[in-house]
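A quick write-up on the structure given underneath.
The values are calculated or read from the model by the stated rules, or taken from the named source; none is laboratory data. What you are looking at is a predicted structure, and each value in this text was computed from that prediction instead of being measured. When we count neighbours, we look across all protein chains shown, and the Cβ atoms used for this are built from the backbone with ideal geometry, even at glycine.
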Amino acid sequence: MSKAEKLAAKILSGRSDRNFDFDDLCYILKRAGFQSRARGGSHRIYYKDGVVEIINIQPRNGNAKPYQVKQVRELLLKYKIEIE
């Protein structure tokens, strides 16, 4: 199982929202075809053609914020986005 597959399973399970590494969340978004818009500071904004919502994330002590992990999961499921 590849790193992307393991992380996809972890995010889709919904059991690790509080303990999801920020860099891993960024990796998942990139593998799902999202593009990053440059932004100052720790904020990162991701967007994808065909997805109305944008994703604005920032780390807290190296981890992604739980509500942001949930937002990413909901978008992946809503738009049936595959992690490649």
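For the reader, a short list of remarks on this structure follows.
- Of everything in the stretch 35-71 that is of a type in the set (Ser, Thr, Tyr) and loosely packed, with under 11 Cβ neighbours inside 10 Å, the residue that is modelled with the lowest pLDDT is SER42.
- Hey, TYR79 within 20 Å of LYS3 (Cα to Cα) and at pLDDT 95 or above or not: no
- Qualifying positions in the stretch 7-25 - without any contact (Cβ under 8 Å) to a residue 40 or more places away in the chain and in contact with a Phe, Trp or Tyr (Cβ under 8 Å, 6 or more places away or on another chain): LYS10
- Selection status of LYS78, charged (D, E, K, R) and either under 14 Å from PHE22 (Cβ atoms) or in contact with a strand residue (DSSP E or B) (Cβ under 8 Å, 6 or more places away or on another chain) (or both): no
- Pair list, Cβ < 8 Å and 6+ apart or interchain, from the stretch 58-84 residues that are at negative phi and touching a residue at least 60 places away in the same chain (Cβ under 8 Å) to residues that are assigned to a loop (DSSP other than H, G, I, E, B) and aromatic (Phe, Trp, Tyr): none
- The one condition from (1) touching a Gly at 6+ places or on another chain (Cβ under 8 Å); (2) part of a loop (DSSP other than H, G, I, E, B) that GLU82 does not meet is (1).
- Filter result for GLU74 (modelled with pLDDT of 95 or more, among the charged types (D, E, K, R), part of a loop (DSSP other than H, G, I, E, B) and loosely packed, with under 14 Cβ neighbours inside 10 Å): no
- Looking only at residues of the stretch 1-22 that are among the charged types (D, E, K, R) and within 16 Å of ILE81 (Cα to Cα), we find that the one that is surrounded by the most Cβ atoms within 10 Å (Cβ to Cβ) is LYS10.
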